[in-house]
Amino acid sequence: MLWFSVWTVLVLGTVGGAFLLGRRLWRSAVALGRELSRAADVTAELADKVDRLQAAAGPRTGPTLFADRDVLRARWDAVREAAADRRVLRRERHVATRLRWTAYWR
């Protein structure tokens, strides 16, 4: 009779422990699923933001090994012309600043 009660307590303790462990594992799995869902939503938002920022950044300047040379030459000429315009404006600003400072220090 003593062995029956010992084994009964051991079996009931094991079943109770297995139930508690299984419940904790189930709750952890559900929480993991929620976090994975939230991470997927954040990743989708980030991908949308990256797409918007790339669209706002303008044309891509990646490798152009197989691009048409005429198109590249036209783009390069436009870039050089814009740089020359900025250079002229900068030079005019420097001259104006220099004239103001020389007038101040005389």
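The values are calculated or read from the model by the stated rules, or taken from the named source; none is laboratory data. Everything numeric here is computed off the predicted structure, so don't read it as measured data. Neighbour counts are summed over all protein chains in view; Cβ atoms, including those assigned to glycine, are modelled from backbone coordinates with ideal geometry. Remember, those area values only see protein heavy atoms, side chains included, never the ligands or the DNA or RNA. Shrake-Rupley method; radii C 1.70, N 1.55, O 1.52, S 1.80 Å.
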Want the number for R90 to R69: 0.36 nm per residue separation, take away the alpha-carbon distance, what's left?
4.5 nm
Can you send over the carbon and sulfur percentage of the accessible area for the chain, probe radius 1.4 Å, protein chains only?
65 percent
What FRET efficiency would be calculated for the residue pair A39, D77, taking the C-beta separation as r and a Förster radius of 35 Å, to the nearest 0.05?
0.15
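What accessible area per residue comes out for the chain, rounded to a whole number of Å², with a 1.4 Å probe?
Details: 10480 Å² over 106 residues.
For the chain, the solvent-accessible area averages 99 Å² per residue.
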Between the alpha carbon centres of the range 57-78 and the range 27-51 the gap in Å comes to 38 Å
Square roots of 5 times each gyration tensor eigenvalue, C-alpha, the chain, largest first, Å:
76, 25, 10
Angle between the Cα long axis of helix 69-105 and the longest principal axis of the chain, 0 to 90 degrees, nearest 10?
70 degrees
Simple spin-label estimate for S5/R24, 7 Å along Cα→Cβ, in nm, reads 3.0 nm
Is it possible to state the helix-based mean residue ellipticity at 222 nm for the chain, with each DSSP H run of 4+ residues giving -39500 (n - 2.57), the sum divided by total residues, to the nearest 500 deg cm²/dmol? What is it?
-32500 deg cm²/dmol
